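What follows is a set of notes on a single structure, which appears directly below.
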Amino acid sequence: MEDSATGDAPTSERLRKIRIAAASEAEKHTLLVRTERAGRLVSAAMLPWFRLRAPNGYGVLTTTGRKTGKKRQKCVRVIRSDDRAYLVQLIPPHLAMTRPAAASAWLLNIRANQRVRIRLPEGAFDGIAREITDPTERAIARTILCETVTAMDYGECTLHLRGRPSRAKIRELHRYWFDTGNPLVIEIER
């Protein structure tokens with residue numbers, strides 16, 4: 001992940017809140033997914049299966065590399081609502097405590113070229129991705145992303161949090177990710 005110098009710069013108050021939230025969240029997380037590298041490895045392990053058929057609530061995001069121009073794929077948690085698909089670029093707590101403005105390669109790719117492809121359980125779609133900045137749209141996205149719980153979320157929760165997963169725990173995890181991450185929307189083309 002890189003610290004982003006592009007797009008709307010987060011305010012120092014938002015960065016402070018992210019650091020505080022990350023510090024309080026860090027001890028709840030497992031040792032498995034604490035680093036950028038661990039997250040990449042988990043995604044890489046899931047990618048072959050998700051290419052065949054992504055489970056409900058998940059998909060494969062294809063971006064164009066900002067430096068290479070090559071197609072890049074990443075497994076993501078994504079919830080579709082009509083002609084929009086919502087997702088969040090996560091910042092793990094251990095990274096957020098020191099680099100709360102960190103941006104993953106796929107987010108930087110979207111900032112450079114908003115044209116993406118998203119493979120969902122119901123098919124593959126082209127679209128335009130953008131970060132959500134409007135407060136009303138953020139509230140809608142937060143509700144859609146954080147209140148939706150799928151069967152796969154229980155496994156995801158087990159990877160990230162200590163203890164037994166529950167609906168409440170999953171929603172709490174999703175709210176943390178939304179509030180400290182970078183929410184995006186993909187406007188799906190018909």
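Inspect all residues belonging to segment 175-189 and state whether any of them is β-branched (Val, Ile, Thr) and under 21 Å from Arg19 (Cα atoms).
Yes - at least one qualifying residue is present in segment 175-189.
From the list Ile128, Ile91, Ile188, which one is at negative phi, touching a residue at least 24 places away in the same chain (Cβ under 8 Å) and under 13 Å from the mean Cα position of the chain (by Cα)? Full working, then the answer.
Working: Ile128 fails: under 13 Å from the mean Cα position of the chain (by Cα); Ile188 fails: under 13 Å from the mean Cα position of the chain (by Cα).
Just a single option satisfies the conditions, and that option is Ile91.
Where a number appears in this text, it was derived from the coordinates with a stated rule and is not lab data. Fair warning: this is a prediction, and the values are worked out from it, not measured in the lab. A quick note on method: Cβ atoms are made from the backbone with ideal geometry, for glycine too, and the neighbour counts reach across all protein chains shown.
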